[in-house]
Amino acid sequence: MLSQLNSPPLYLICGLIILFVAIVCVIFLVRAYRAGKKAGMDPAVLKRAIVSSASFSILPSVGILLGVIALSGSLGTPWPWLRLSVIGALHYETQVAEAAAEQVGIGRLSGSTMTPEAFVTIALLMSICIMWGMVLSVLFNKSYLKKIRRRGRDEKKNAGREGFGDMAITAMFTGLVSVYLGSYIGGFVSGRGHLTFEGDFTPVLVCLVSAAVMAFFTWLSAKKGMKWLEGFSIAGSMLIGMLSAMVF
Amino acid sequence: MKEQEAFLERYETNTHRIGRICTIVTLVLLVGAPFLIGRVLGARPDMTAVLRGYLAVGLVWTVSSVAEFLIYTPMLGAGGGYLAFITGNLINMKIPCAMNARDIAGTKAGTTENDIVSTLSIATSSLVTIGVLAAGVLLMVPLQPVLTSPTLAPAFDNVVPALFGAFGYQYYRKNPKLAAFPLLLMSILFICVPSLTSQTSVLILPAGAITIGLAYRMYVKAQRRKGGL
């Protein structure tokens, strides 16, 4: 079965869809860059945002590639390649694929028990479960953003004061980061029984190392005039944080 | 100046138009692909199993998608929003990437400049992922033993902690007072109910709402001091 799932027609179907999405990305990238220049934004800042995003994305992308490798044993390579290049999320794909395998009656997700019918059913279920963000974007992105912007403008107009919108986004992201950091602390303290402090310490350590390296990069960038470091500081901190997991 | 405003307005209108068209085409391709693959393999999806599976696992993800849409769209703006939902991997990559680019460019949420920067960021990030995955798939045979080696395993198991460690520093130093409460609250919650670690994405919305509430209190106080309120 795996040879069928790794056959050239499947590579062609999945590869063409990925190519389409890559073209969409290029269109958005070029449009945004041109618009930024026309809006009077400094091209050097735009370039720094691009370089920083590219350097930042390499390591998580390798992590995602591991997801493709992990799923390729049961679903072949082309389908996980498509799912994780487009729309999919690393934590989502395995979970849904496993649950879908149960529903189609092959038990655990495995290449040896996979049938063509089970595969296409799993593939369809994976697509349907995660498509709602796209559906909502098509239906409500425009009106939702319009509403939020109007509210921000009203706030400013009412008292001539600085809007709350920007602070709200920073607060939302701070909340998001807190959930993850809290989960690592909780995992260490109570992961193997309440308050035993015997859970996995590695994520906490990685966070600390990564934060310390980030602090160092920030200092270099702010105090030593190494502004160019900004574009690589997150990627560099992540790399050293990840390496610390191998050392300890 | 007026010409520039008119241009930006046109840019935004077109972004919505292009974003919608591209999203609809991608949706059709993604949902259609299993049927096309089925034709190649000589099989059809079992629709009863799809429905059963959707009710079993899909509903949770649907609710999560609604939350993601409500939370992330204002962060990303128009172009970034459409692209991020097409290309996926939001929490572990696109959102932090866009926030980082926004910090570097110094743009404010809700502005067209911010939309432009987050679009640049997400498009670049997606292209890098597509490139890395394409290279990885091409080189799967020689790369697989290296990437899945036990030596490298702890490093790749900790991509997300490394990411949030770096971002934690960056965001907590901006406003330590604001960060302390949600961090403490979440730590206590996970210490008391460790099984919640498998539900982290569900907790993002309440944690975000609490932090926004706190931020609003601080904001109102600061404005009062300035005499703005």
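Read the figures in this text as sums done on the coordinates, not as results from a lab. Treat the numbers as computed from the prediction; the structure is a model and nothing was measured. Neighbour counts run over all protein chains shown; Cβ positions are idealised from the backbone, glycine included.
Exposure proxy for B:T151, B:T73, B:T200: other Cβ atoms within 10 Å of each Cβ, ordered fewest to most, give B:T151, B:T200, B:T73. Phi angles across the range B:141-153 convert, under the Karplus curve 6.51 cos²θ - 1.76 cosθ + 1.60 with θ = phi - 60°, into 3J(HN,Hα) values of 5, x, 7, 3, x, 6, 5, 9, 5, x, 5, 7, 3 Hz, Gly and Pro given as x. Altogether, the Stokes-Einstein calculation at 10 °C and 1.306 mPa s, with the Kirkwood radius of the range A:166-247 over Cα pairs as Rh, returns a diffusion coefficient of 112 µm²/s. The residues neighbouring B:R102, those whose beta-carbon lies less than 14 Å from its own, together hold a net charge of -1 under the Lys/Arg +1, Asp/Glu -1 convention. Distance from the alpha carbon centroid of the range A:1-72 to that of the range A:162-222 works out to 27 angstrom. Taken over chain A, the alpha-carbon convex hull comes to 210 cubic angstrom per residue. Restricting to DSSP H runs of at least four residues, report the calculated mean residue ellipticity at 222 nm for the protein assembly as shown, -39500 (n - 2.57) per run over all residues, nearest 500 deg cm²/dmol. Calculated from helices alone, the mean residue ellipticity at 222 nm is -27500 deg cm²/dmol. In whole angstrom, the range B:29-80 maps to an equivalent ellipsoid with semi-axes of 30, 17, 5, each derived as √(5λ) from the alpha carbon gyration tensor and ordered largest first. If you plug the beta carbon distance of B:F181 and B:R39 into 1/(1 + (r/R0)^6) with R0 = 60 Å, you get a FRET efficiency near 0.60.
Shown here are the Rg and Dmax of the Cα trace of chain B, at 21.4, 72 Å.
For a straight C-alpha distance cut-off of 20 angstrom, the lysines reachable from B:K108 (same-chain residues fewer than eight places away being disregarded) are A:K37, A:K38, A:K47, A:K142, A:K146, A:K147, A:K156, A:K157, B:K94, B:K174. Count Lys and Arg as plus one, Asp and Glu as minus one, and take only other residues whose Cβ is under 14 Å from that of B:L183; the net charge is then +3. Computed over the range B:13-149, the percent of Cα pairs more than 26 Å apart is 41.
Each other residue within a Cβ distance under 12 Å of A:Q103 adds +1 if Lys or Arg and -1 if Asp or Glu, for a net charge of -2.
Considering only Cα atoms, the convex hull volume of the range A:2-134 works out to 109 Å³ per residue.
Using R0 = 25 Å, the C-beta based FRET efficiency linking B:R225 and B:K174 works out to 0.85. Exposure proxy shown here: for B:L120, A:L136, the number of other Cβ atoms within 10 Å sets the order, fewest to most, as A:L136, B:L120.
Modelled label positions at B:A209 and A:D200, each set 7 Å beyond Cα in the direction of Cβ, lie 2.9 nm from each other. Neighbour counts of C-beta atoms inside 10 Å place A:D166, B:D46 in the sequence A:D166, B:D46, starting with the fewest. Dipole check for chain A: with +1 at the C-beta of Lys and Arg, -1 at the C-beta of Asp and Glu, and the Cα centre as origin, the magnitude is about 1600 Debye. Normalised Debye scattering of the protein assembly as shown at q = 0.09 Å⁻¹ gives log10 I(q)/I(0) of -0.60, counting only Cα atoms as equal scatterers and leaving out solvent.
When the protein assembly as shown is described by a simple charge dipole with +1 on each Lys and Arg Cβ and -1 on each Asp and Glu Cβ, the residue from A:L5, B:V28, B:L133 located farthest towards its positive end is B:V28. Across peptide B:141-150, the mean count of Cβ atoms from other chains lying within 10 Å of each residue's own Cβ comes to 2.
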